[in-house]
Every structure is written in C-alpha cells, then in structure tokens.
Protein chains: 4
Amino acid sequence: MLFLSDNAAAVHPAVWEAMRAADAPDAPYDNDALSQRLDGAFSALFGRDCAALWVATGTAANCLALASMVPPHGGVICHREAHIETDEGGAPGFYLHGAKLMLVDGEGGKVSADVVEALAASLRGDVHQVQPHALSVTQASEYGRVYQPDELAELASVAKRRGLGFHIDGARFANAVAFLGCDPSEACQGADALSFGCVKNGGMSAEAIIFFDPALADLTRYRRKRAGHLQSKGRYQAAQLLAMVEGDLWLSNARAANAAAQHIARAAGARLLHPVEANEIFLMVDAEERQALRDQGFAFYDWGSDAARLVTAWNNRADHVEALARAIAAL
Amino acid sequence: MLFLSDNAAAVHPAVWEAMRAADAPDAPYDNDALSQRLDGAFSALFGRDCAALWVATGTAANCLALASMVPPHGGVICHREAHIETDEGGAPGFYLHGAKLMLVDGEGGKVSADVVEALAASLRGDVHQVQPHALSVTQASEYGRVYQPDELAELASVAKRRGLGFHIDGARFANAVAFLGCDPSEACQGADALSFGCVKNGGMSAEAIIFFDPALADLTRYRRKRAGHLQSKGRYQAAQLLAMVEGDLWLSNARAANAAAQHIARAAGARLLHPVEANEIFLMVDAEERQALRDQGFAFYDWGSDAARLVTAWNNRADHVEALARAIAAL
Amino acid sequence: MLFLSDNAAAVHPAVWEAMRAADAPDAPYDNDALSQRLDGAFSALFGRDCAALWVATGTAANCLALASMVPPHGGVICHREAHIETDEGGAPGFYLHGAKLMLVDGEGGKVSADVVEALAASLRGDVHQVQPHALSVTQASEYGRVYQPDELAELASVAKRRGLGFHIDGARFANAVAFLGCDPSEACQGADALSFGCVKNGGMSAEAIIFFDPALADLTRYRRKRAGHLQSKGRYQAAQLLAMVEGDLWLSNARAANAAAQHIARAAGARLLHPVEANEIFLMVDAEERQALRDQGFAFYDWGSDAARLVTAWNNRADHVEALARAIAAL
Amino acid sequence: MLFLSDNAAAVHPAVWEAMRAADAPDAPYDNDALSQRLDGAFSALFGRDCAALWVATGTAANCLALASMVPPHGGVICHREAHIETDEGGAPGFYLHGAKLMLVDGEGGKVSADVVEALAASLRGDVHQVQPHALSVTQASEYGRVYQPDELAELASVAKRRGLGFHIDGARFANAVAFLGCDPSEACQGADALSFGCVKNGGMSAEAIIFFDPALADLTRYRRKRAGHLQSKGRYQAAQLLAMVEGDLWLSNARAANAAAQHIARAAGARLLHPVEANEIFLMVDAEERQALRDQGFAFYDWGSDAARLVTAWNNRADHVEALARAIAAL
C-alpha cells in the first residue's frame, strides 16, 4: 500500500494505448503528427494561443522555461522550499548558466506578492548584486497548497511591474485545477510559462512546457535540443500528453488522487500539518506511530522527525485508502 | 517504404512487453529493481565490470560521458563530421561548459590514431591553447563505417599516451558488432565510456552510458540529475535496455538492419560512396534518379546534390528492401 | 575625509616605484622575472611551498580559487553575508558553472565549525540535492571580525572530514594578521587556497591567489587565461605584490589602517555594532547623526537605516582620524 | 633588440603620468570621474554616441562584446586563425556559455563577405545545428592585414541581412587606422562593438569595449562584474584610455610602430609572407637564417619551420630597427 509518491505510479491504460498507437511510422523528433498537434491541444485547453513542448522530466521543463526568461547573470525569485531549489540537483544553475535562485519564505510553500515586492525593493539596481529576472511558483505547492486565481493575479502583477518573467511549476497542476474547480487558464493566471505535469498524473515520461508567449518557445526549441531532450521518437512523448488533455483524463486522474487525499485528511484531522488541497498529506506522527503504520503495510516518507508525508496517486485502490484512513484514525 | 532513418522506427514488440511488465509498482528514479539490474546486465555483456546509466537520447549519453572526462577549459578530439559536432545543436558546449571540440579529418568519418597524434603533437602545452582531454569516435561512424578492434586499440593507445579519456559514440554500436561478428568488448576496445544505442535499434527512449571506470559513473549520476535526465519512472527506461541485452535482441535487430543494407548495397554496386558495413547506404544518385526512386514510394534523405543517404532499420519489410534493391539496380 | 572604503584608496608610493621599475622589457604574461618570483616570495611568507597567481580583482581570486575545488554540480558553504554571495554580481555562478552557494549564518559574518557540520549533516548524499565541495570563509570577515587560528583549525578539520576544499577570502587578510599579531600561516591555518588581498591595502590592481596545493594552481593557470585575466604585461601585476610581501609593506599598511580603526572605535564605545578588530567600524548612528557627521565632511556608507559603515585605509591622515573620533564622541 | 611582440612593451610616459594623476581620491569601480569621461571621449573619437567600458585584457574585451550578442546556444563566425579561436584558451566558450566558434578561411587572416554568406547559406535553420548570431573579424588581422572600409561595409551588410551582430577585435585597431589614414569610424564601419586595443599600443592593463548600441553596454556592465573584471580602482584603468584617446597618442604610437615595420618590410622584400600593413612582419627565413639573426641579438618568434614573426612596437629604437633591416637585407 504505497503512499510514497505519485512520481512512480503506473502508467494509465489510456496512455499506454495512445503510445502503442504511435508505433505507426512518422517523422522523427517533433516533426510527427502527434507532436504537431500539441500546440492546438493546449491552446484549446487554455483558451488562448500557446506553444507546447514535450520534455522527459519536470526538472527539464522548469529549467528550460526559466532559461527562456533569465540571462546567465540574472536571478529567479522562488520559495526556499521550491522544487527547483531543493530537489533538482542544481539543474537551474546548469540550465541558466549560473543564474541565482533568490529565496523567499511563505506559509505552506506558497509565495506572496508582498514578499516578492519586498525582495525586489531591497535590492540596489547596481551590478554588484544579482538582479531578478523571473518569479517561479509551484501550483500546487510542495506542501500541497493551491494558489487561488487572485493570488496568481497579484503575483503576475508584481512580476510585470518589476520586469520579471512569471513561471509556474505545475508538476501537480492537474491536482490544483481539480481542487479549484476552475478553468485551467485561471489556475495559471498571468503566467508566461507553465510546466504542465503529466508523469505524476498517470503519464510515463512526458511533461509539457507551455509558453503563452510563442517567441519564448522558439528559443526553447534550440535549448531543448542542446540539452539532449529532443527525443527522436518524440511521437511517443506527444502521445502521452495528448492522451491526457485531448479528453479529460488529466483532470479525472487528478480528481481521483485528490479525493483519496481528502478521505485520508478527514481521518487525520488535527494531525494535519497543512490543509490538504491537492494530493499530499503532511501528518504529525511520531516515530512509534510511523512504525505502527508501516507495520500495517503502508509505505510513505518521513518528514523530519515528527511527521510523515503521504502522497496519493491516480491509481490508489479504494480499499488501501480506506485502510489508511482507518489506521490513521486509530493511532 | 521508409529509408529515412532508423531513428524513428517502431518499438520492437519485446521492448513493449518489457515496458508493460514494468508497470508494477517500484521505487522511483533508478532505485527500482530493473535499473539496479543494468550494471550486471552490461557487465555480463562486456565480460568486465561496468556501470550503466540510462538516459533518453544519444546526445545526452555522449555529452554526459564526455563531461565526466573533460573539464570546462579542455577539449575533445573528434571527427569533423562527428554527430557531436554537426548534429547535437551545440550540446557538448552546454554539457561541457564551453569545452571545445577539436576537429580532425578522416575517410568515411573515421578517425585514425595518426591524426590524433598529429593534432596533439601540434599543440604547445601552454594556457593560450585549449588542451585536449578526451578523444571521441563513432562506432559505426556517421558514414556507416566500422572500426576494427585493432584500430580501436591504436586509438586507445594514443589516447592513453596523451592523457585523453576515450569515448565511443555507439548510437549504432549494435550494427558495428553485428558487422564485426566479434565479442562486444572488442568492438569498443580500450574505451573508457560507450554510448550504447538502443533507440535506433528497436527501443523507444532509452540509451545507455556504459562506464568502464565506475568512478566516472558516480560523478555522472549527479550530472544526469542536474541535466533533467533522471526520470522518476526510470524503470520504463531500464526495461527497454534489459529487453535488448539480457537476450540477444540488440544483436538480432542489428543483424536484420545490416542484412537489409547489404542487400541494397549489392544492387547499388559502383554507386556506393562508402563501403556498406553497418546499416547506412550512401548512394550516388542525381536529382532525376532520386525523383525516380521517390516516385516509386521510397523515402530517404538527399546527401548534398549528387547523392542520397538511406538507412535500414530492424523492421524494414523484406519486400520493401527487395523493391528498393531492384529500383536502384534499374536506375 | 573619506571613510567610504579602502577599496579606492591611493596606491602606495613603494608600489608605484616597483611598477615603474617593471617598465624594463621582459617576457609577456607570467613568464617575466617578477611573476616568476611570486611563488618564492609567498612561500617565504607562509613558511611552506605554495603557488601564487596574480589576478586583477578579489572576485576573480575568490572564484578561480573555488573553481579549482568545486565541480559545476557541487556547492560551496559560505556565510549568508559573504562577499561571494552578496557583492560579486553572481560571479561564483559564472566561474563555477552553476555550482551553488550554500548559506549559513553566524555572528559577525563568521562561520563556525558547528554550522558547517550541521549543514553537511542535514544533507542526504543523493543526487537530488547539491552536495558541498568547498567551504569559504572571509578573514577578516565582512564585519571586520577576525578568525583565531584555532577557529580556522576547527573549520579546516570539519572541511577535511566532510571532503571539502577550504578557501579563505583574504581581501583584508593583512588586517587580520595585523590584528592577530601571529604568523601569516596561522591566520590562514588549514586553508587550501587563500585570496590574498593587495588592492585594499595600497595596491592598484593585483590580488594573489595562493594555493597551498600546487596541483590546484596548475589547473587554475588555464582557467585564469580562459577568464581573460592573464594580462600580457603581467610584470606590472607581479610588481605590486612583490612590493607588498618581499618586505613588510603589506603588514605596516594594515597596521596603519587598523590603528586608525581602533582610535575611532574607542571614541565610538557603546555605539559599536561589532567589535572592531580589523579596519571596519559599524556604528549605530541614526539619520540625524549621520547627517551631522557628513556636514563635518566625513564620507561613509549607510548601513541599513540605523547604522553606518566606516572603513579606514593605509593612508588615512591622522588629523582626519582624530577629527572623526572627536566628532563621533561628540554626537 | 626585442621584436617578439608589442604585447609586453613598456608603458608610455604619458600613460604613466595620467595614472599617477589618478591617485587623487575618487569613487570606486567605474563611478569615478575618469571612468565617467570614457563614453564622451570615445563618442568624440568615433563621431557618434557610443558607450565605452574598460577591461584588463583583449580576451575579456572580445568575449564580453560577443556575449552581448550571442546566446549560449548560438555561434560566432570567425576566421580559423582568429585570436578568439587560437589564442584565448577557450575564453569564448566560457564567456558565451558554450556557444560555438564557426570557422571560415580567408587570405591573410581576413574574412570576406562571401565566405560569411556561404557559411550562413549552408546551414539548415533547424535546431540540430548551431546557428550563427555574430560575426567577428580582427582589424588589423592576425597577419597584420587591414580591412578597407568598403570591405567592412560589405561584412556589415551580410551580418545585418543574416541577423548577426558584428564585432571587431581591434587589439591593433590603432595600427589599422594609422595604415588606412582614415577616420577611426571608417576603420570599424558597421560594427556593433569594437575591442579597442590599448595595451599593445603603450598602455599597461586597459582595453576598451566600445558599444555603438548602448543597450549592449548596459547588459555588459553586469557581465563585466560577474567576470571579476570590475576593478575597484577603475580610475587607473580609465586614465590609461583617456591618455590615449583624448589626444592623439593612440595614433602617434601606432604610426611609430607601423613606420618601423615598413622599414623592415622594405629590407625584407621578397621574403615577406604577407604584405606589411600594420606592425607585424612575417618573414620567410630558414632555421639557419633565424639563428643568424638571433646571434646578432634580435629576438622574435618562429612561425612554423620556415618563417618568423616580428612585431614592432611604439618604442622600438630607431637604431634597433635599422640594424634589423640591415641584418635581414644581408641574409
């Protein structure tokens, strides 16, 4: 009964099916019919023109998106616990040629417009200090918290005022949209680029970088190749994304994961470290309690010494979720 | 009837099967059982201890391998028409942080020990000139030519004498081994690292970097993550490679492609620009003749104004190959 | 009456004289007799074999030193207010190809062995987190505080245990030695590399990178050239450094600056934000008081809203220092 | 009797004088009055608005100029024997973050508009090949050859048509202007940026980057700092340049060097490998003849096995030049 992460869950049958269908011969790289369909599919999803590029990982998506906005001598404002800062092995430093992550704090892994403004205002504009060129936030955040559209609008506004590109790491964007129940475009309001997650949501190896400014996409095509991310059989990459977004699979998978998380959250009650909004549960449980849960067959990660992180996925079995909820309630 | 490239051919059924079997839950990244099996599988293949890392593309494989050998201020000796020089969008410059490709010439895309020695000998050792730190050759070459084991031994010898790491780009290594009929270890004799191709040979999205020096692999694990190439569902990557090399699929696929190429080569006769050793055929055909072939339904790339490049793959249909051979003979 | 910084003070007459003497023809780059004398001069100073390279700025010195210890995928532990973090325009990101500065806190800009150990211990060794490869501290610190030899020994010990290179930014190393009254080698105890400041201490445009491990120096000669820091008339660079360290000019200049700072510090008494050990004085003075000082002709920088930073230099006139001391006492 | 290179000649007395005068206290970095005067001085020289930044070396000047025009994934078209390719230790790879030098040939180290056009036309625009973003030529060339204004206009025209920035490495720009006898602006016609040499022409440690597009300069100020090239006592850098260009010292020094070269050239006659236009002489002399010259006290570099390179400088003594001319004539 795995609640370690959604990042290693099985591939959804509909994704498998789409990939198999891509076996038919077609042009290499992103010249195939499926890859060529991506811009249209995502433009339809977001109700506005956008360009969509597949890459293999969220790290590559985040870093290529940011590299399109930030020169090597610039900086990216992000949360101190953002994935790009804590879990990407320094990839932003690589892709952005040494640009700097400029860290801010915020409850639940969320960045507020105020702290961005405060950081920007604290800097002299001179050459001795790195100047920010982009803002990056995570939707849903690393603590499973979701930005409301008006919060994003405020962030976009300060970004614009300060001349910053605005990037959203949407590794779990689907879970955020499922929680918000809003139009996808509202859940990434004001962003210049979005890393649209698919792997954690039933895909295998494809994430999409969505550029709401096509000029950034053109530049990124060169950088994707240069980073060794232009797969020659790209049609299998495109197939995964199309399987997700040409129907509502991306949303139904996210809803399933969110629903499982809510079920567990209700059982957890006062033990929750953070409100559960997407598919991550941070639970105050001491070492003995964690052992008790593990003894019952539940797998999850410790979160420091007094807590645990549990993540639901599109394919958690209902009986596993129910068993976990009961086990937590019984602690 | 596609002879454009092997790089977009369908995925082999046995690879599909292995990937599907990887759907069972397992640990993320390369902590899963399949990824953990790679070192052993490749050590068995090469009859010596080696470390094997999956990546998504040959470009990433080549560049990560080279980055383990070459500091940012160093250089890589390679053929003027090497893939790393002509077709990777400057990826070596990115992965090696500005290190320089130092170009040499050689018939059929092959590098000889003599030209390597001559280049190295022509340099002052001073700081004004970039100094080479690695040698990279392609087996089989960009013109489908194959290095004999003794040629590689000579190259390895000069590399060692000059303090150079020795890398082999084996995007079509299987085709080279199939041609040589030798032990795989002989076909990469003396190499410190080998980019072991799988995508062009019936895989989907996995290549292997083989390090014959495990210390280089350890370093590269960090760099792979940093390049956004550590996929969380890595088990699907490992599955492709294991499907290839735990049996002889890699070799039988390559033999099929080579045999098709030989069949066509025999029909081509004096029109061949290069001896056909692997699965690429360079054919002297003028514009009219190319049009005639295309009118019969054959797809391939022009090679300059007076020639064409045709590439066979593991899955060319026998009737297509036969038809092509006849069409060429009839020109 | 300038107390803005020592970084723009005049060049000492003895340095001028040495530079003029370098006008005689000699070999370019660092092949001239003066540059060739540097290793010996600094080896004598430190009582052990070392290699010394001139560069034009402290930023270049720091970054080249660190680049010799830290791979692009690694990190450098340093103080949150270290010069490399706050005032070098992101140069470490450039020279270290995206390596990360890993920030710690500490009173007076000083790093303790405990916080280094705590940071190192907090990291998993896995590829998802940047791993530290060096420790960098500033002697004297950005707040004019000085490390005692035993503090350095402890830092060196944890660095060694954790496999970190140990770098000291000694932009004001002379002031630290003058304060400690110890042997220069004790003031950089355990360091693998030292940025030996000369510009702030009466030089014009030369700092020295001292490597206590000659292998690091050899590597750095290539990187210095590659960074455009190998001046062809390097003899004028070497002349500045030799003028400093072949006699005791470096020390007498620092003593003069320190003495001036002590004089002011005594007048400042309880207004001091930090003990004055080298040549920087951080003074609690409100806006009105700062205006009063400026009205009397003293130039200095604000330090936030309630304080000021004053820096003495080798050439402060005694009457200026005395006037400042009185003015502060009279506030 | 040194004819090795102009790059290590003594500093001109007027430059010394200007540097000494800069000893008076002023603001650090480039906030001093002298640095602030640079834009005006060079705008006057070129008869148009330009921005001028000092740096310590020609390598830094060239690379910072190019970095303002070329993204990391781009390329620079230059001559196969350009200084940036052969003598800067890979600095372009460092400063341009892995961008590629794209080499062309041309007589006397000169690039023609035709070969630039031919290279650009030979590229597919796709992501697999590095695309050029700038053209860089050397005025005077590495073989002492000078571009006529109309040749530069043609180069600028093809650069513009192909969307390339146009950079001129003017390490010996003064010698070129002295040869052409034209307005300085004509000798760099159409350039977006010029590395204006001073060190080889009687300066000590300052070169200027001239931007004819001020936006490029603003960006470069950040990059100069980031490269460790923003010296805190920048006024000594500015002083050197102003001493050169606020009067005609730059031109009179170059004329002296050129005249010496012409004197030697006349003696050399048919032994000249290249027409002598600036201050470099390439002389066909075999090993025995070179020895004969050296035995008479002349120092110079071999140029391959059958030739020598001799360089004159602003301060060659007339009797030395005369002696050399006679010695060559007498061979």
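The values are calculated or read from the model by the stated rules, or taken from the named source; none is laboratory data. This is a predicted model, so every value here is computed, not measured. Note: ideal-geometry Cβ built from the backbone for every residue, glycine included; neighbour counts use all protein chains shown. Accessible surface areas use protein heavy atoms only, side chains included; no ligands, DNA or RNA. Shrake-Rupley method; radii C 1.70, N 1.55, O 1.52, S 1.80 Å.
Copy-to-copy label distances for D:Q36, where each label lies 7 Å from Cα along Cα-to-Cβ, are 4.5, 6.0, 6.8 nm in order of increasing length.
Using a 1.4 angstrom probe on protein heavy atoms only, the contact between A and B buries about 3600 square angstrom of accessible area, both sides summed.
Mean silhouette area of the protein assembly as shown, derived from the convex hull of its C-alpha atoms and averaged over all directions, reads 50.7 nm².
Amide H contacts for B:C198 (H built 1.01 Å from N in the peptide plane; partners 5 or more residues away or on another chain; cut-off under 5 Å): B:A208. Per residue of the protein assembly as shown, what 222 nm ellipticity follows from adding -39500 (n - 2.57) for every DSSP H run with n ≥ 4, rounded to the nearest 500? Per the formula, -12500 deg cm²/dmol. Using a cut-off of 19 Å between alpha-carbon atoms, which lysines can reach A:K233, once sequence neighbours fewer than 8 places away in the same chain are excluded? List returned: A:K225, B:K200, B:K233. Around the amide H of B:V285, modelled in the peptide plane, lie the amide H atoms of B:A307, B:A308, all under 5 Å away and 5 or more residues distant in sequence or on another chain. Computed from backbone phi, the HN-Hα couplings of the stretch A:75-86 come to x, 10, 7, 8, 6, 4, 10, 5, 4, 4, 8, 9 Hz, rounded to whole numbers (Karplus: 6.51 cos²θ - 1.76 cosθ + 1.60, θ = phi - 60°; Gly and Pro given as x).
Global size of chain A: 19.8, 59 Å for Rg and Dmax (C-alpha atoms, Rg to one decimal, Dmax whole). Inter-chain neighbour count for B:127-137: the average number of beta-carbon atoms from partner chains within 10 Å of each residue's beta-carbon is 4.
When the Gaussian network model of chain C links Cα atoms closer than 10 Å, the mean-square fluctuations of C:A270, C:A113, C:A171 top out at C:A270. In the stretch B:194-301, Cα pairs under 8 Å separated by at least six residues give a relative contact order of 18 percent.
Largest mean-square fluctuation among D:E207, D:E289, D:E186, in a Gaussian network model of chain D whose springs join Cα atoms under 10 Å apart, belongs to D:E289. With a ≥ b ≥ c the root eigenvalues of the C-alpha gyration tensor of the stretch A:290-331, is it rounded (a/c under 1.5), prolate (a/b larger than b/c) or oblate? Verdict is oblate for the stretch A:290-331. Inter-chain neighbour count for A:235-243: the average number of beta-carbon atoms from partner chains within 10 Å of each residue's beta-carbon is 1. Position B:Q291: other-copy label points at 6.7, 8.3, 8.7 nm, ordered by increasing distance, label point 7 Å along Cα→C-beta.
Among DSSP beta bridges lying fully in the stretch D:12-247, give the percent that are antiparallel, nearest 5. Mind dumping the intermediate values first?
On the way: 9 of 27 bridges.
Within the stretch D:12-247, antiparallel bridges account for around 35 percent of the total.
Separation of the stretch D:25-49 and the stretch C:65-109, taken as the distance between their Cα centroids, equals 32 angstrom. Against the criterion of solvent-accessible heavy-atom surface with a 1.4 angstrom probe, A:M1, B:M19 sort, most first, into A:M1, B:M19.
When chain C is treated as a Gaussian network with alpha carbon springs shorter than 10 Å, the biggest mean-square fluctuation among C:V127, C:V76, C:V199 belongs to C:V127. Taking the alpha carbon gyration tensor of the stretch C:206-293, multiplying each eigenvalue by 5 and rooting it gives semi-axes of 38, 17, 14 Å, largest first. Reducing the stretch B:273-320 and the stretch D:230-274 to their Cα centroids gives an inter-centroid distance of 59 Å. Going from the isolated chain to the complete set of protein chains, the stretch A:5-28 loses at least 40 Å² of heavy-atom accessible area (1.4 Å probe) at A:N7, A:A8, A:W16, A:R20, A:D23, A:P28. For C:G75, nonlocal amide neighbours, meaning residues 5 or more places apart or on other chains whose placed amide H falls under 5 Å from its own, are C:K100, C:Q131, C:H133, C:A134. For A:A330, the label point sits 7 Å beyond Cα toward Cβ; its separations from the matching points on the remaining copies run 7.7, 8.3, 10.9 nm, from shortest to longest.
To the nearest whole number, what is the average tally of beta carbon atoms from other chains within 10 Å of the beta carbons of peptide D:169-180?
Taking the mean over all residues of the peptide, I get 0.
Across chain A, the relative contact order, built from alpha-carbon pairs under 8 Å that are at least six residues apart, equals 25 percent. In sequence order, the stretch A:172-177 has phi-based couplings of 10, 4, 4, 5, 5, 4 Hz under the Karplus curve 6.51 cos²θ - 1.76 cosθ + 1.60, θ = phi - 60°, and Gly or Pro positions carry x. Nearest beta carbon of chain B to the B-to-A rotation axis, with distance in whole angstrom: B:A56, 2.
Within chain B, the longest run free of exposed loop sites, counting trypsin sites (Lys or Arg not before Pro) that sit outside DSSP helix and strand states (H, G, I, E, B) and have at most 15 other Cβ atoms within 10 Å, spans B:125-316.
Taking a ≥ b ≥ c as the square roots of the Cα gyration tensor eigenvalues, the stretch C:143-216 comes out oblate, since a/c reaches at least 1.5 and a/b does not exceed b/c.
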